[in-house]
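Before any comments, here is the structure.
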């Protein structure tokens with residue numbers, strides 16, 4: 001089995017962690033390729049040579065057909081790995097080397113077991129929706145797709161207003177810090193922190209949520225994901241900010257954007273023994289009695 005590993009070079013992986021990761025891949029009979037930046041870290045930390053044949057810069061080559069991508073880090077690392085996939089059908093799984101992870105939901109203590117399950121084929125894949133963004137995008141945006149969410153936010157102290165339309169029908173003008181459109185995958189990320197609902201990944205919908213609205217009656221709205229959502233921004237300041245997942249960009253006041261469900265999707269690997277609800281229960285500490293001091 002071919003494994004493509006992606007990790008951020010700036011993460012403080014220990015020598016023991018890196019050794020465990022590489023050994024788990026090799027001992028399960030897999031071949032691997034590392035992104036160049038992480039390959040340099042591996043060479044330095046565990047003193048092995050990573051040849052060019054085991055490195056990659058992009059994933060456009062046909063030699064990656066039949067491979068599995070493994071993101072090693074947190075949810076931010078996972079989102080960067082997704083951008084590398086572009087329109088590739090390569091399935092992805094996230095191993096969490098940090099603390100809280102909904103996308104990278106495999107604990108690092110189960111690295112060897114994870115590769116063993118992958119080799120045996122004890123997993124299934126599910127498709128996750130992407131948001132495609134069109135409009136007045138800055139020229140430095142190379143990948144106009146969001147796995148988690150797209151946001152429009154104020155850049156300075158003044159509120160901004162965002163005229164919002166669904167299929168050309170006006171929803172509202174949102175005054176406040178901004179607005180967010182989330183996929184089901186992103187419902188446990190920023191959307192959750194501003195009062196949005198948790199959405200099961202298989203639901204075919206988006207969540208439209210105000211960010212710190214001036215009118216406190218504004219509430220999140222769940223809409224079908226076959227809708228076209230349009231935004232028009234107005235601000236006293238000359239600039240505002242948009243975010244596409246974990247990346248921020250400056251835009252002009254007056255910018256307009258149209259968001260739709262992308263044709264391409266992300267194939268997410270799910271191990272048989274870890275479900276979305278298991279992850280929710282564990283990460284959100286549901287069912288834990290705070291009075292129980294026995295643990």
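The values are calculated or read from the model by the stated rules, or taken from the named source; none is laboratory data. Since the model is a prediction, treat every value here as computed from it, not as a measurement. No Cβ is skipped: glycine too gets one built from the backbone with ideal geometry, and neighbour counts run over all protein chains shown.
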Would you say residue 82 is surrounded by 12 or more Cβ atoms within 10 Å (Cβ to Cβ), within 17 Å of residue 125 (Cα to Cα) and not assigned by TED's automatic domain parsing to the domain that holds residue 144? yes
Here are some residues: 131, 160, 106. Which one is farther than 16 Å from residue 251 by Cβ, modelled with pLDDT of 95 or more and surrounded by 20 or more Cβ atoms within 10 Å (Cβ to Cβ)? 131
With respect to the numbered conditions (1) touching a strand residue (DSSP E or B) at 6+ places or on another chain (Cβ under 8 Å); (2) at pLDDT below 95, which one is the sole condition not fulfilled by residue 120? (1)
I need the full set of residues from the stretch 115-152 which are over 22 Å from residue 185 (Cα atoms), touching a residue at least 60 places away in the same chain (Cβ under 8 Å) and not assigned by TED's automatic domain parsing to the domain that holds residue 193, in order please. 115, 116, 117, 118, 119, 122
Restricting attention to the stretch 242-251, report how many residues are surrounded by 13 or more Cβ atoms within 10 Å (Cβ to Cβ) and over 19 Å from residue 147 (Cβ atoms). 1
Considering only the stretch 211-255, give the strands (runs of 3 or more DSSP E) lying wholly within it that have at least 3 residues that are farther than 25 Å from residue 76 by Cα. 221-224, 229-235
For the condition at positive phi and assigned by TED's automatic domain parsing to the domain that holds residue 269, what is the one hit in 35, 28, 47? 47
Any residue at all in the stretch 214-231 that is more than 20 Å from residue 264 (Cβ to Cβ) and in contact with a helix residue (DSSP H, G or I) (Cβ under 8 Å, 6 or more places away or on another chain)? yes
For the stretch 202-211, how many residues meet the condition of being touching a residue at least 24 places away in the same chain (Cβ under 8 Å) and out of contact with any helix residue (DSSP H, G or I) (no Cβ under 6 Å at 6 or more places or on another chain)? 6
